[in-house]
1. Which value, in debye to the nearest 20, gives the size of the charge dipole of the stretch 201-338 about its Cα centre, when Lys and Arg are +1 and Asp and Glu are -1 at the Cβ?
2. Once neighbouring chains are kept in place and the probe is 1.4 Å, which whole percent of the accessible area of the stretch 204-254 is contributed by carbon and sulfur?
3. Assign one of three labels to the stretch 356-489, namely rounded, prolate or oblate, based on the Cα gyration tensor with a ≥ b ≥ c the square roots of its eigenvalues; rounded applies when a/c is under 1.5, prolate when it is not and a/b is larger than b/c, and oblate otherwise.
4. Treat each spin label as a single point 7 Å out from the Cα along the C-beta direction, and report the S248 to Y496 distance in nm.
5. Can you give the extra length, in nm with one decimal, that the chain gains between K432 and V387 once fully stretched, where that is 0.36 nm per residue apart less the Cα-Cα distance?
6. May I ask you to compute the full-extension gain from D536 to K102, defined as 0.36 nm times their residue separation minus their alpha-carbon distance, rounded to one decimal in nm?
7. Among the lysines, which fall within straight-line cross-link reach of K473, defined as a Cα-Cα distance under 23 Å, with same-chain neighbours fewer than 8 residues apart omitted?
8. Which length gain, in nm to one decimal place, applies between V342 and Q138 when the Cα-Cα distance is subtracted from 0.36 nm times their residue separation?
Amino acid sequence: MQNDKFMPPEAPTHGYPAQGEPQHGYPQQGYPQQGYPQQGYPPQGYPQPTYPAQNYAPPPQGFNPPPPQHYGPPPQIYVPPPPPLQTLPQATVVVASNQRSKPQSNAVGAAALIFMSGGMNIAWSVGFRSFAYALVPQHTYVAWFIAVIIGAVISFFLTNKVPKKIVLVVSSLLVLIAGITRAATRYNLQAVEACLYLDGIANGLTFAPAMALAGEIAVSYKRGSITASVEHMSYTLGFFIQIVYTESWTEGNAYYYNSFTSDQMHGVLSAIYGLIALIIAALFCIESPVIMLANGHEQQAIEALRRLQQPSVITTETYAQLEEHKRYLAHNKYLSICDSLVRGLPALIRLIILRALCAMSLSTFVYYALVVSMVPNLTVRFYWEFVVFGACRWVGTLITSFCLESVGRKKPTLIGLLVSGGLAYVIAYILKDLPYGPIESIFYLLCVFQLFAGVAFTASSAYLSEAFPLKVKQHYIGFTLIAEMLIYIITTCGKYTKVGHLFFFYYFAGLLLISFGMGILCLPETRRTTLREAQDKFKDMRVRPYFCRGISIC
């Protein structure tokens, strides 16, 4: 505060005190005071300063100044990449990663809605339908599965020839048309079969391209959750929705001419799914940057990678993903078709087994076991057991979908196979004593069985998107789908007998437990790996425990 005081006017006016003199009391530069000359403002009587502009004469008449010079476009503004996720709190990491990868989920969001419609038709075909269709021909029950096989075969000829956006748009239109037709008709068997075929072809056309696209556009730390949410969780959610509205529908007036039936409600929901899927496919679908690079369009691949992240700017992570895609292409470039077929065969066998077991866990024989467990309560109108049964399968899938990037793929699959196999054996043991024994306990066992079945088979969606070589990826995904549909057809066409029901669960339990043992030896862990690394882990069928490293079983 002493520096704010000034000397009286009679103080010397030189700028700074001599060396050794006290600093206090002298005028300070930059703070003009009364009675002192101010720097830059000469006192009265001094000549006023002149500026260069005052010395120039006006331009002569007719003088044209030169045009302004342009120095090119303004410089690009560099947006730094977001901070590493490892330096953020856990809750912030989850929110940030979900927000950053949101365009990747939106790019295949149309496929998720198409698969929801397919899940409703799976539930309808295995038994969760109106009593009005109890005595229809067997062909009606398996029409959707046959149509899926037809659509999968058609998709073989469209691989990398037709953009995936067009495939999703056409499939969405088929689902929309099928839904409108089903909602506009009432107990018309021919119309129902036509709708089943349209919806099944749409699902078959979409499955292989959508799973391949989901694996190629997703970053390595989100690929499992995105693929599982798009495929397996969508199918189980559609399965659950079909059970909920079918079992809660009031059928008392369903046989009057003007009543709105549960099957028409099925058509309304399918039409809504198809319409929303059409909009999402037209607006948000992004082609695979891997296929763009394979076709020599590097700039388009960079643009696709930019649009697949939020914020939509080109960062160092964008170029890192581009380089990884180039390495993935180089890894598959020198593989011939025959080499790709041979290298993908071990993965194809393993995934066919997993998907076949998944089909058996939702087959007609499981529906029969649920009905048998409800025999003492068949007079009750609302069968809440059906709703709980469907909810358990969806909850198991939902939980596992969000855990695939934290606990991995292999552990949930093995745990689900082990517990499901044990429960299937217990169910078979109880069915052996029918009509005696604790019949009601079958329901609780089936609910727990479905919960762990959802845990066991959810990771197969991630495996499908990353296991196969690039040249045969969509074909092998289609073959896996065809094998799954064949299991549905076989189990749906089988007639119910007590002995057949008993043997189904015994064989099913044995297959689940054998698959658990083989999974310990043969299933790889592909959590947070690139497509190139995941493909290398699937290329052979080697036993990998510590006591027998490197011993081949195939």
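The values are calculated or read from the model by the stated rules, or taken from the named source; none is laboratory data. This is a predicted model, so every value here is computed, not measured. With ideal geometry, Cβ positions are generated from the backbone for all residues, glycine too; neighbour counts draw on all protein chains shown. Ligands, DNA and RNA are stripped out before the accessible areas are found, and what is left, the full protein with its side chains, is counted by its heavy atoms. Shrake-Rupley method; radii C 1.70, N 1.55, O 1.52, S 1.80 Å.
1. Around 380 debye, computed over the stretch 201-338.
2. It is 63 percent, rounded to a whole number.
3. Here the stretch 356-489 falls in the prolate category.
4. Here the answer is 2.5 nm between the modelled labels.
5. 13.6 nm
6. 153.4 nm
7. Within the straight-line cut-off, K473 pairs with K161, K164, K165, K222, K326, K333, K410, K537, K539.
8. 69.7 nm
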